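Note sheet for the following structure.
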2 protein chains.
Amino acid sequence: MNEAEALAAERTRLRLTCRHLAGHGPIHPAEPFEAIAAWLRENGSRDLGGGFVPGVQPDVYGTGALVEDFEAEIAALFDMPAARFMPSGCMAQPIALRIWSDRAGNPTTAFHPTSHLELHEEFGYRELHGLSAHLVGDANRPTTAGDVIELIGPGGAAHETGLASLLVELPAREIGGQLPSWEELVALSELCRDHGIRLHLDGARVWQAAPAYGRSLSEIAALFDSVYVSFYKDVGALAGAMLLGPREFVDEAAIWQRRQGGTLHSAMANIISARLNLAGCLERMPLLVERARQVAALFSCHERASVIPDPPHTSMFHLRLEGEEEQLLQARDRVARETGIWLFGTLKTVEGQAACQVEISMGKASLALENEALAEAIALLF
Amino acid sequence: MNEAEALAAERTRLRLTCRHLAGHGPIHPAEPFEAIAAWLRENGSRDLGGGFVPGVQPDVYGTGALVEDFEAEIAALFDMPAARFMPSGCMAQPIALRIWSDRAGNPTTAFHPTSHLELHEEFGYRELHGLSAHLVGDANRPTTAGDVIELIGPGGAAHETGLASLLVELPAREIGGQLPSWEELVALSELCRDHGIRLHLDGARVWQAAPAYGRSLSEIAALFDSVYVSFYKDVGALAGAMLLGPREFVDEAAIWQRRQGGTLHSAMANIISARLNLAGCLERMPLLVERARQVAALFSCHERASVIPDPPHTSMFHLRLEGEEEQLLQARDRVARETGIWLFGTLKTVEGQAACQVEISMGKASLALENEALAEAIALLF
């Protein structure tokens, strides 16, 4: 083993054995499958003394009670007419925009310059669905009604706006989990309705937005025509997403899902994992939003650290640290060795500056750390 | 419970408790996850007496040793330069044809009239990828070089053929698992190479073709430019597929996979399930091809039964039964109650005839049934 390999091995050891500041903490990869198997043993078919009792059966190509009951449950949670389980948000969101564009006979959509569709999806919306997108508003803050008016011009009627849809991410991940104010969001929704622009929610982390706004998920969803939610980020399930909207919209989405190769023989593992983890996520989320503010304050009292936004809007924020990347990673390793606390994983150098940035998102692990131990670990970093 | 519900419940009970003629037989849905968890406990990180030993880590968005080692293993098995794990064949195959079309600057492909792409994928190849397809040859037999010549005209050079690619399914599922003869397949491959037509293998069940031809998987793959294989059909894994071909082809396919929403946070369950089940499939397959001939003979000696093709080419065949659907299903139920053997699931009425058809594919369960008991059960059906 050379020096670089030894360092990588040491970092893996620290990452897997320390207590974590962010996320749900390291788990053994067998754990999710043990939980799924245990649930199936409890709910699957059984041969009791009195005879055979049929139980949960795997979903088959997106049908069956296992997936349909879960879709109904999520639709009810958001008070939307229908929902469809899909493998990923990368699949669900371009499909939503495609359907709204087809209805409008207009391939043009719009979203934030840091939208996942623009940064991380190899432009599937354009290359597969033939859509074109305006990047609307300032890259460093949430999209507002004013930004949209600037794009479409004042007083433009539906057919004049040139926009079939607008996608809004709540909270906006790439800018530290920022949310527009509730009033700004309502104004944006009203503007879209007035102008016949379909408003789609990128709700990958919408679970955070509910306690942050002090509103229910259905109050948030009521401002949108369609909604995407993810089950592996805050929820902590294996993988999987849901697309919600009107019944015919969701039926059409299921056809696109098939076309994109997303209607699997069985998605049982992801469905059960999502069901098993969702209730805990919903229960935990108000605590995590509170926890993000506490943790942010423990960092921002240090001169070489700052948080974006300050204070955090949701259960996540961006941490900015002055210093070179490798030097900061070495400091992180030292803290981990001395305190048993793993503060963050990879860092991203801020272009042209001697500073780095990292996303810090609260999860199960974040609740288990005592403030005093954490403050000490953070102080040791500098 | 009304009469229809009672009948459905009784049929579920029979299906889940009888020994099966076809497939791998009913298993408890928890079993695959127990196997995955056990494998991960054995291969995951451990804290031994001497200290922490890192083990298998989940794949992350299609990267990491867990998935990359498996891709290398399958590439080696087929002697192809590279391979990419994907969620499904519905995703993999249109991507393959799209890439070959992009290279040729020609959106036209061709496949059998009963191809999965034409019958079961909501025309993703056309609606998403903008390809157009010729349905080539007779719907009731495998595609031959003669069929292609008829389509492109004799002596057509690459740029004149109007075909960027040809997709061939081995064995062809919708026609009872028929294979062209080896000589016909070689002639088809040579014709495509001579005319610059990229030949793609729909190898959803190619595992059957190797022992049927008495050739290795790599000998078969050598006739093709790209190959798709599936892990949940004959292999019996949860879900998942692989696309194989030249390195740059596979790299490009990975970009399309991302665009289609198929690059998941983790596909660990499907990857491990495929790895755990593949060796058994390869070992079993010669026996299953032999078994299909035995089972087909047990049916075809009855006047009201026939098999397509007769004898079977591979480890599957189509069974045709004279009679009305509901009457045959009731006979199946009676056989199940009296013999404990479940002969088939759903039936499909042959249009305009008092006859039904069903696919019978050999799997683990098929090897466990004694010929005598099976012959008795089949006799009871009529």
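What the table shows:
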| quantity | calculated |
| --- | --- |
| Across the identical copies, how the A:T349 labels are spaced - nm, sorted shortest first, 7 Å along Cα→Cβ | 7.2 |
| Longest to shortest principal axis, alpha-carbon extents of the protein assembly as shown, angstrom | 87, 64, 63 |
| Total formal charge among the other residues, if their Cβ is under 9 angstrom from that of A:A164, Lys/Arg +1 and Asp/Glu -1 | +1 |
| Local electrostatic count at A:L287 - Lys and Arg +1, Asp and Glu -1, tallied over other residues with Cβ under 13 Å | +1 |
| Antiparallel DSSP beta bridges within region A:9-166, percent to nearest 5 | 40 percent |
| Relative contact order of chain A, pairs being alpha-carbon contacts under 8 Å that are 6 or more residues apart, as % | 21 percent |
| Estimated vicinal HN-Hα couplings, Hz - region B:126-133 in sequence order (Karplus 6.51, -1.76, 1.60; Gly, Pro = x) | 8, 6, 9, 9, x, 8, 10, 10 |
| Of every Cα-Cα pair in region B:55-180, the percent that sits beyond 24 Å | 40 percent |
| Eligible lysines near A:K364 by straight Cα distance, threshold 23 Å, same-chain separation 8 or greater | A:K233 |
| Straight-distance crosslink candidates among aspartates and glutamates, where the alpha carbon sits under 12 Å from A:K348 and sequence neighbours closer than 8 are dropped | A:E322, A:E324, A:E325, A:E326, A:E359 |
| Magnitude of the charge dipole, region A:65-266, Cβ model with Lys/Arg +1 and Asp/Glu -1, debye to 20 | 320 debye |
| Percent of C-alpha pairs per 20 Å bin, chain B, short to long | 26, 53, 20, 1 |
| Computed over region B:65-266: relative contact order in percent, which uses C-alpha pairs under 8 Å that are six or more apart | 29 percent |
| Net charge dipole size for the protein assembly as shown [Lys, Arg +1 and Asp, Glu -1 on Cβ; Debye, nearest 20] | 960 debye |
| Local electrostatic count, B:E121, Cβ distance below 15 Å [Lys/Arg +1, Asp/Glu -1] | -1 |
| Peptide-level mean, for B:16-26, of C-beta atoms on other protein chains within 10 Å | 1 |
| Percent antiparallel among DSSP beta bridges (both partners in region A:65-266, rounded to 5) | 40 percent |
| Efficiency of FRET between A:L7 and B:A76 - r from beta-carbon atoms, R0 45 angstrom, step 0.05 | 0.90 |
| Sites excluded, trypsin sites (Lys or Arg not before Pro) in DSSP loops with at most 16 other C-beta within 10 Å, longest stretch of chain B | B:1-214 |
| Antiparallel content of DSSP bridges confined to the protein assembly as shown, in %, to 5 | 60 percent |
| Euclidean distance between Cα centres, region A:159-196 to region B:356-381, Å | 60 Å |
| Pair A:T63, B:L135: separation of 7 Å Cα→Cβ label points (nm) | 2.2 nm |
| In sequence order, calculated HN-Hα J values of region A:351-357 (Karplus, 6.51, -1.76, 1.60; Hz; x Gly/Pro) | 3, x, 10, 8, 8, 10, 9 |
| Rule-of-thumb Rg ratio for region B:247-366 [Cα; 2.2 N^0.38 Å; N residues] | 1.46 |
| Pairwise centroid distance, computed over Cα atoms, of region B:287-341 with region B:49-102, Å | 38 Å |
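The numbers here are math on the coordinates, done by the rules we state, and not lab data. This is a predicted model, so every value here is computed, not measured. Ideal geometry is used to build each Cβ from the backbone, glycine not excepted, and the neighbour counts take in all protein chains shown.
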